[in-house]
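Quick notes on the structure that follows.
The values are calculated or read from the model by the stated rules, or taken from the named source; none is laboratory data. Here the structure is a predicted model, which means the values were calculated and not measured. Please note: Cβ atoms are built from the backbone with ideal geometry, for glycine as well, and neighbour counts cover all protein chains shown. For accessibility, only protein heavy atoms count, side chains too; no ligands or nucleic acids. Shrake-Rupley method; radii C 1.70, N 1.55, O 1.52, S 1.80 Å.
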Amino acid sequence: GSSSSSSSTSSTTTTTTSAAAAESAPQQNPVIGIASILAACLSSGFAGIYFEKVLKQTKQSIWIRNIQLGLFGGIASIVTMLVKDGDTLRERGFF
């Protein structure tokens, strides 16, 4: 008798927890999801085309362009890291 009442309580708690999780979960909209994927694909494609155009129009070598892009990306990454995780870095260090 007592084992059936404890399993009943357990399943009720699980159902209540699942219902609460479903209510607090953000609503998903497939139209917004597909639109964001299309926007990401289009912007990526245009960025690739523009980059190819810049490479073909400049007289600098690909090595110099790669160094410039690497430096710019590295600086942007360091700034982002400091802004987002600056407190954690100061407490625990980089490694």
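Just a few scattered comments:
- Count - residues of region 66-95 that are under 20 Å from the mean Cα position of the chain (by Cα) and exposed (fewer than 10 other Cβ atoms within 10 Å of the Cβ): 1
- Hey, SER10 assigned to a helix (DSSP H, G or I) and at pLDDT 85 or above or not: no
- For region 52-65, filtering for residues that are open to solvent by less than 80 Å² (accessible area, probe 1.4 Å) and either assigned to a helix (DSSP H, G or I) or not small (Gly, Ala, Ser) (or both) leaves 5.
- Scope region 36-65; condition among the β-branched types (Val, Ile, Thr) and within 18 Å of the chain's Cα centre (by Cα); matching residues: ILE37
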